[in-house]
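Worksheet: one structure, shown below.
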Amino acid sequence: MRVEKFLNEEVTEIGEKPESRLVLFFISISMIFLFVGMLFGVIGSLQYIFPAWLREAFSFATVRPLHVSLVISWIFTAATGGVYYYIQDITGRHVHSIRLAWLHAMLLLFVSICTFVAYSMGKFGGREYLEFPPWLGVPIVFYWVLFMFNFFKTIRISLKTAPIYIWMWATGLVFFLITFLESQLWLIGFFGENIIRDTTVQWKALGSMVGSWNMLVYGTAFYVMEKISGNSNVANSKQTFFFIF
């Protein structure tokens, strides 16, 4: 009973929003990711000009994955904060389980710190873009499932009548999980021990993964445009759905 209550913690009317601090956390962390990622980008650029600079202490082989991972994390984390904020505005309800949302946030922070430490120590997983040690994929999948659970339990909207931004967020959430799991297939010998299969699956997965975070970002953009214009026609038009399809 206590577990069920924990998973289904819910408030039906919005008063003081308990998710405000949650959203502020995600946005704040995303800004840190952005500015630190930019810093490593600048350092990496200067290392092209001065190859010997920081070669021993912080080589380009370390700086590049830090820059790439932080900037990608900025996109995902900012989009996550936006989704958590806007779904309560759309539905008139709080996030289904604020506790699970905070667990999501803490796991994200844990993975980010572990990734930063691993890169700084020169410990890489050997993948393009997803260069963290493979075991960190477990908490990533876990917190993403929590995110999906909270999203779908909060919106409770029929997809037949849902506006385009709900579809985009839902698509982004589902396809990130699919593509991330696909990107880890190299851990299975059938893929990892064959360079053709490995490369084919990796690049297919990573290319599709870009589309998944684009759906989160563009869905947010559609919602913001609707709020600014006061016109919901674009978010519900057949033409919009045709082009998204």
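The values are calculated or read from the model by the stated rules, or taken from the named source; none is laboratory data. Remember, predicted model here, so these are calculated numbers, not experimental data. Note that each Cβ is placed from the backbone with ideal geometry, even for glycine, and that neighbours are counted across all protein chains shown.
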Can you pull out the residues in the stretch 188-212 that are crowded, with 18+ Cβ neighbours inside 10 Å and within 24 Å of the chain's Cα centre (by Cα)?
-> V201, Q202, A205, M209, S212
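Assess whether S97 counts as being at pLDDT 90 or above and polar (S, T, N, Q). Lay out the reasoning, then the answer.
Values: at pLDDT 90 or above: yes; polar (S, T, N, Q): yes.
The answer is yes for S97.
Tell me whether the stretch 66-84 contains one or more residues that are over 19 Å from S28 (Cα atoms), assigned to a helix (DSSP H, G or I) and more than 13 Å from the chain's Cα centre (by Cα). Step through it out loud before you land on a result.
Here is the first cut: in the stretch 66-84, the ones over 19 Å from S28 (Cα atoms) are none.
Taking every residue of the stretch 66-84 in turn, none turns out to be over 19 Å from S28 (Cα atoms), assigned to a helix (DSSP H, G or I) and more than 13 Å from the chain's Cα centre (by Cα).
Looking at the structure I just gave you, is Q202 in contact (Cβ under 8 Å) with a residue 60 or more places away in the chain and assigned by TED's automatic domain parsing to the domain that holds V234?
In short, yes.
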Residue ID - nearest to I87 (Cα to Cα), chosen from residues in the stretch 131-161 that are free of Cβ contacts under 8 Å to residues at least 24 places away in the same chain and in contact with a helix residue (DSSP H, G or I) (Cβ under 7 Å, 6 or more places away or on another chain) | L159
